[in-house]
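Take a look at the structure set out below.
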Amino acid sequence: MKKFFILLSLLCCFFSFPLITNAAKLNIDVPKVTKHEKVKIYLFRGNGCIHCYDFLNYFNNHASQFSKYIEIVAFETKKDSKNYELKNKVNDFLEITNEKDRGSVPLIVIGSWHMLGFLDSDGETIIKEALKAYQDDNYVDEVQKIIAEENLTVNTETLKEACTKEGIKAKESNGLIIVVMFGVILAAFLVIGFSVKKK
């Protein structure tokens, strides 16, 4: 019986390790939470765009770690003419003049900072830029400012909505799983401890 509980404990540790490490995958210093508004990371995307998909998948896995600081707002621009018009206004503001770049997605915007394209290695750069904006008292949400000044009506998507449209399953929190696994491990050690003392 003792061997069974030892084996059970080891299996629980083995299977819970990936959950624990996945939950704390990014090692980025976060600032103190203040009354500052959440910084919006704007994604101008196109349905079926592989790099847009990669962005959504990356942030689906990591955005919850920074939910006190950032919010993802997506605009589908391939099929939505209102969002396409906004993207053109944002291109003008950012002084993106090359026709190829003007039509490219994903376009990621934080304040007056932007990035064209996306690879997973860009994810931390984007998060760090958003956290820097969060700490900047002079930060201006330029996309929202353009929408207001131009009196544009646009169709926004949350991260979850954009992920759903691209067939990416919403990430479930590993917190409960980790707590349950920890409880099972702890219970197994207690049972082992009591069974050893009785002999």
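Taken together, the values in this text are just the output of simple stated rules run on the coordinates, not laboratory data. No experiment lies behind these values; they were computed from the predicted model shown.
Summary table
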{"quantity": "Karplus 3J(HN,Hα) series, Hz, for the stretch 40-51 with 6.51 cos²θ - 1.76 cosθ + 1.60 (x for Gly, Pro)", "calculated": "8, 9, 8, 10, 8, 9, x, 4, x, 6, 5, 6"}
{"quantity": "Relative contact order of the stretch 63-182, defined on C-alpha pairs under 8 angstrom at six or more residues apart (%)", "calculated": "32"}
{"quantity": "Per-selection Rg to Rh, the stretch 34-168 - Cα, Kirkwood hydrodynamic radius", "calculated": "0.93"}
{"quantity": "Restraint check, Lys79/Lys165; Lys68/Lys128; Lys38/Lys160; Lys100/Lys160; Lys38/Lys78; Lys78/Lys128, Cα-Cα greater than 20 Å", "calculated": "Lys100/Lys160; Lys38/Lys78; Lys78/Lys128"}
{"quantity": "Whole-Hz ³J(HN,Hα) from phi, Karplus 6.51 cos²θ - 1.76 cosθ + 1.60, for the stretch 119-128, glycine and proline x", "calculated": "10, 3, 5, 7, x, 5, 4, 5, 4, 5"}
{"quantity": "Beta bridges per DSSP with both ends in the stretch 34-168, % antiparallel, nearest 5", "calculated": "55"}
